[in-house]
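Read the structure below first, then the notes.
The values are calculated or read from the model by the stated rules, or taken from the named source; none is laboratory data. Being a predicted model, the structure only gives us computed values, none of them experimental. Here the Cβ positions follow ideal geometry from the backbone for every residue, glycine too, while neighbour counts run over all protein chains shown.
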Amino acid sequence: MPAKVLLELKNVTIRFGGLTAVNELSFTLYEGEIVGIIGPNGAGKTTVFNLISGVYRPTEGEIYLYSENITGLKPFQVCQKGVGRTFQVVKPFGSKSVLYNVMVGAFLRTSDTRKSREKALEVLQLVGLYDKKDVLAKNLTIVDRKRLEVAKALATEPKLLLLDEVLAGLNPTEVEEAVEMVKQIHKSGITILLIEHVLKAAMALSQRIIVLDYGKKIAEGSPEEVTSNPEVIKAYLGDKYGIA
Ligand SMILES: Nc1ncnc2c1ncn2[C@@H]1O[C@H](COP(=O)(O)OP(=O)(O)OP(=O)(O)O)[C@@H](O)[C@H]1O
């Protein structure tokens, strides 16, 4: 049986004044995929996440989740429908424990404290933070803060997880660990759409890549296909991150 369509963007455009941050973007995401969105600085990647998660409403176009038009829904409604996300800049409740922070996410699905604690402990195990459940969030290292951010999103029980640069700022060993974590999450049955600047890792993780430049999709395909695409190479020339 062919995979089910989970998410569909149809000609999505958003303008901020005179700037078209995302320009007639269309793509389809199937259940069970890991898809990466890459592109130079300012290409519109985070704006795409803000559009999907309801932070922004598109100026034009529609967004469908399991064939339901979710365009214009509020962020908590999109989250309730099964889309979890992390943010590029992580903002935990610093003076609260790791467990508390994750339970906040779990309360989206239950008002029962015991159940929310159980869910939080389960996702802490999945992201490798179980042993640090009682540590105050502000005392976590960068890599653990990223894990916490992912755990908070997972606690909302998403069907689709949007990961915004979870590998940025990590050293090579930490990147390897984080890549492993993303693979585990995917194995647990969650579809993943990720934005990455660490291109090697994005390539290693993603089955399919969408390349944005100035808000437009300039390429889509397997990692091999997009990295040999002349337009993609041109878009990255001069970008400090390079293609490698
Ligand atoms: N709320 C906003 N108001 C005005 N302009 C915005 C807003 N949000 C994003 N932009 C602009 O839209 C463009 C795309 O930004 P976006 O953050 O989506 O890019 P990005 O690909 O995620 O970049 P980076 O890799 O640097 O995070 C940029 O020119 C940005 O300045």
Any residue at all in the stretch 81-90 that is in a helix (DSSP H, G or I) and either of a type outside the set (K, R) or surrounded by fewer than 16 Cβ atoms within 10 Å (Cβ to Cβ) (or both)?
no
If I go through the stretch 41-68 residue by residue, how many of them are more than 17 Å from L212 (Cα to Cα) and aliphatic (A, V, I, L, M)?
3
Which residues, taken from the stretch 43-67, are near the ligand (Cβ under 9 Å from one of its atoms) and either part of a helix (DSSP H, G or I) or without any contact (Cβ under 8 Å) to a residue 12 or more places away in the chain (or both)?
K45, T46, T47, V48, F49, N50
Do you know which of the residues in the stretch 152-199 that are within 16 Å of the ligand (Cβ to nearest atom) and farther than 21 Å from P92 by Cβ is modelled with the highest pLDDT?
L193
Return yes or no: is T20 out of contact with any Cys (no Cβ under 7 Å at 6 or more places or on another chain) and assigned to a loop (DSSP other than H, G, I, E, B)?
no
Can you name the number of the only condition in (1) away from the ligand (no atom under 14 Å from the Cβ); (2) of a type in the set (G, A, S); (3) outside any strand (DSSP E or B) that S26 fails?
(3)
List, please: which pairs have Cβ atoms under 6 Å, are six or more places apart or on different chains, and start with a residue in the stretch 203-215 that is under 15 Å from S26 (Cα atoms) and away from the ligand (no atom under 12 Å from the Cβ) and end with one that is of a type in the set (A, V, I, L, M) and not in a strand (DSSP E or B)?
I209/V226
Given (1) away from the ligand (no atom under 13 Å from the Cβ); (2) free of Cβ contacts under 8 Å to residues at least 60 places away in the same chain, where does G32 come up short, assuming only one miss?
(2)
Restricting the stretch 6-54 to residues that are in contact with a helix residue (DSSP H, G or I) (Cβ under 9 Å, 6 or more places away or on another chain) and surrounded by fewer than 15 Cβ atoms within 10 Å (Cβ to Cβ), the one farthest from K81 (Cα to Cα) turns out to be F16
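Please specify each residue of the stretch 58-115 satisfying the condition of being hydroxyl-bearing (S, T, Y) and touching an Asp or Glu at 6+ places or on another chain (Cβ under 7 Å). Even if it seems obvious, please write down each step before you answer.
Filtering the stretch 58-115 down to residues hydroxyl-bearing (S, T, Y) leaves 59, 64, 66-67, 71, 86, 95, 97, 100, 110-111, 113.
If the condition is that a residue be hydroxyl-bearing (S, T, Y) and touching an Asp or Glu at 6+ places or on another chain (Cβ under 7 Å), then Y64, T71, T86, S97 are the ones that fit.
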Which numbered condition trips up E118, out of (1) under 15 Å from E157 (Cα atoms); (2) in contact (Cβ under 8 Å) with a residue 12 or more places away in the chain; (3) of a type in the set (D, E, K, R)?
(2)
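Listed residues K138, K146; which is outside any strand (DSSP E or B) and either aliphatic (A, V, I, L, M) or buried (at least 20 other Cβ atoms within 10 Å of the Cβ) (or both)? Spell out how you get there, then give the answer.
Working: K138 fails: either aliphatic (A, V, I, L, M) or buried (at least 20 other Cβ atoms within 10 Å of the Cβ) (or both).
Unique residue meeting the criteria: K146.
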Is it true that some residue in the stretch 19-33 is of a type in the set (D, E, K, R), at pLDDT 95 or above and on the phi < 0 side of the Ramachandran plot?
yes
Out of the residues in the stretch 150-189 meeting the condition of being among the charged types (D, E, K, R) and free of Cβ contacts under 8 Å to residues at least 12 places away in the same chain, tell me which one is surrounded by the fewest Cβ atoms within 10 Å (Cβ to Cβ).
K187
